[in-house]
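Report on the structure given below.
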Amino acid sequence: MSYMLGEIEQQPKVIKDTILKNTEKVKKICNEIKKRNIDFILFVARGTSDNAATFGKYIFGYINGIPTGLAAPSLFTLYNRKLKLKNALVIGISQSGESSDVVEVINQTRKQGAYCIAITNKKKSSITEHSHATLYIYAGEEKSIPATKTYTAQLTLLYLLSFILADKTSELDKMNEVPKQIMKILLLQKYILNDIGNYKFINECIVLGRGLNYATALETALKIKETSYIKAEAMSGADFMHGPIAVIDKNFPVLLFAPQDATLNSMQDIAKNLEERHADRIIISSEDRILEYANFPIRMPKFEAIFTPLLYTVIGQIFAYYLAIIKGYNPDQPRYLKKITKTM
């Protein structure tokens, strides 16, 4: 078994451990956040962790009503700008804890008055030295270069922070059921493997999501790029209709994430549009009314829509993994990539 597949399959345990080992610490951090009268959250990350930050931008706006944004690290590392961050929470996300520009943003924003939290998989890393508080994802060593279990563990911590800050006890209880739901998704591997051969020769695709699952589209496209070297472009379903749909012609492959939430109707309209253009439609959903538009329907277990970013990310990882295998590539060791990338 490859490292990547093994780490995909470890995710139920990793998520369970991350919840169990962090809940009390997150409560203390949230008490501190409330004391500081935080009115803005700034996320800083790179690579896969940047997709987790994009999810964080949505979840804190959706659950907590707090305005959020993604940092532009170059403002700090190249232009040496100072921002007004007295009432800001800065959340730095780095699997290794050693992304140079992420660490520097944490360092600078703390000096500029922000309350800084680090989310990382590595204790005593550079990011922890500059943060007021650190949350560890307890994923264990990730040997495959493409991140899988560390990404979903990062999402798990963002859920915990958001729910506990908003005193969402029922959501916290439901979150404990997520590992069991992921176990169901892992059982879909044979189904994916049976049909993935139809995509052996594709060299480009579009991945669509919206709202809470926009980050799911970004992360799935990244995994496809990393492991199969395909030009996979992720975008919001809404943005897709504002121009990019013009590139679609017969048999063009489109992956579409369509959970049973407020985005479903708009995603169904897109699916109809793609059918009219005879695109190849890979649709991931629990809902019959949109799956009927798919060439390759991937039926997901029905669960609370708020948690679909965790569940749908896993099926995206599985799809990317088996696509790489059918193309004859080693997903554990993508060309030109290293586990830790340092940029400024």
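Relative to the longest principal axis of the Cα atoms of the chain, the long axis of helix 100-111 lies at roughly 40 degrees. A quarter of the convex hull surface defined by the alpha-carbon atoms of segment 180-327 gives 7.5 nm² as the mean projection. Under the combined filter of DSSP loop state and at most 15 neighbouring Cβ atoms within 10 Å, segment 107-164 retains these trypsin sites (Lys or Arg not before Pro): K123, K124, K143. Considering only alpha-carbon pairs that sit under 8 angstrom and 6 or more positions apart, the relative contact order computed for segment 180-327 is 30 percent. I'd like the distance between the alpha-carbon centres of segment 300-321 and segment 1-23, rounded to an integer number of Å. Using only Cα atoms, the two centres lie 14 Å from each other. Among the GluC sites (Glu not before Pro) in segment 243-344, those located in a DSSP loop and surrounded by at most 16 other Cβ atoms within 10 Å of their own Cβ are E292. Here the chain has an Rg and Dmax of 19.5, 56 Å, counting Cα atoms alone. Counting only DSSP H runs of at least 4 residues, each contributing -39500 (n - 2.57), and dividing by the residue count of the chain, the helix-based mean residue ellipticity at 222 nm comes to -14000 deg cm²/dmol.
Over its Cα atoms, what ratio of radius of gyration to 2.2 N^0.38 Å does segment 3-175 give?
Numbers: Rg = 15.2 Å, N = 173, 2.2 N^0.38 = 15.6 Å.
That works out to 0.97 for segment 3-175.
Taking 8 Å as the Cα distance limit and 6 or more residues as the minimum spacing, I'd like the relative contact order of segment 3-175 as a percentage. 29 percent.
Each value in this text was obtained by applying a stated rule to the coordinates, not by laboratory testing. The structure presented is a predicted model; accordingly, all values stated were derived computationally and were not measured. Cβ coordinates were reconstructed from backbone atoms using ideal geometry, including for glycine residues, and neighbour counts include every protein chain displayed.
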